[in-house]
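In what follows, a structure is listed as structure tokens, so that the remarks can point back to it.
The values are calculated or read from the model by the stated rules, or taken from the named source; none is laboratory data. As the structure is a computational prediction, the values presented were derived from the model and not from experiment. Cβ: placed from backbone, ideal geometry, glycine included. Neighbour counts: every protein chain shown. Ligands, DNA and RNA are stripped out before the accessible areas are found, and what is left, the full protein with its side chains, is counted by its heavy atoms. Shrake-Rupley method; radii C 1.70, N 1.55, O 1.52, S 1.80 Å.
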Amino acid sequence: MRAFLAMNERLPPELLAVLAEDAEPSVRSNVVQYWKHAPEPVRRALLTDSDPSIRRSAASAYSPPSDLLPVLLADPETRAIAVRYVDPPPELAGDPDSGVRRAVAAHPNPSAELRDVLAADVDVFVRSTVAARPDTPSALRESLVATLTTDDPLTEWVLSFPRNTHTCPPRASAPPKLTREQAAELLARAGL
């Protein structure tokens, strides 16, 4: 009930602030999702919540105060999201999380040196992000595009979206119709 209550955007701020401290993560999650203009003390509490999913949601929903940025950058759960709020330090180009490196590559103002380091990244999605940047020199873009092929059909399909070359997979055929007895037999074999 409290989770549904937190979805009501017309609740008074005092009640939303109480729900932001609720013991149930789903309630706090709904507060983040539906209270976009939460006051700073509430945002701070949600940005430093004990639940990693709440911290991630809050970091995506709210611009963090500058004094919390070091905390968010140190947290593996929020680091990739927090990158957008800082000038990315060079060590983030070597972060073990490819999502962080991708966020650095997508940052509006990475240095040319940082961009060049990320252009040599092992992750195809990081290189694709560098190639898609409007400020990437054309020679570098062409060399990157040549490296963006993969034998994995799923990765290739995901990479096709930024290129606008994606196609939907063919429609799967419908499963055969089963008699009641055949369905019962299948369920029995599955232990259901």
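Of note:
- Extension gain (nm, one decimal) between Tyr34 and Trp157, 0.36 nm per residue minus Cα-Cα: 41.0 nm
- Relative contact order (%) - the chain, alpha-carbon pairs under 8 angstrom, separation at least six: 9
- Percent carbon-and-sulfur accessible area, segment 1-109, ignoring ligands, DNA and RNA, probe 1.4 Å: 55
- Label-reachable residues, segment 76-114, where backbone N falls under 16 Å from a point 7 Å from Ser143's Cα toward its Cβ: 112-114
- Computed over protein heavy atoms with a 1.4 Å probe, the accessible surface of segment 1-58 works out to 60 Å² per residue.
- Taking all protein chains into account, the per residue accessible area for segment 89-192 stands at 69 Å² (1.4 Å probe).
- Among Thr129, Thr48, Thr179, the largest mean-square fluctuation in a Gaussian network model of the chain (Cα springs under 10 Å) belongs to Thr179.
- The ratio of the alpha-carbon radius of gyration of segment 6-132 to the globular-protein estimate 2.2 N^0.38 Å is 1.20.
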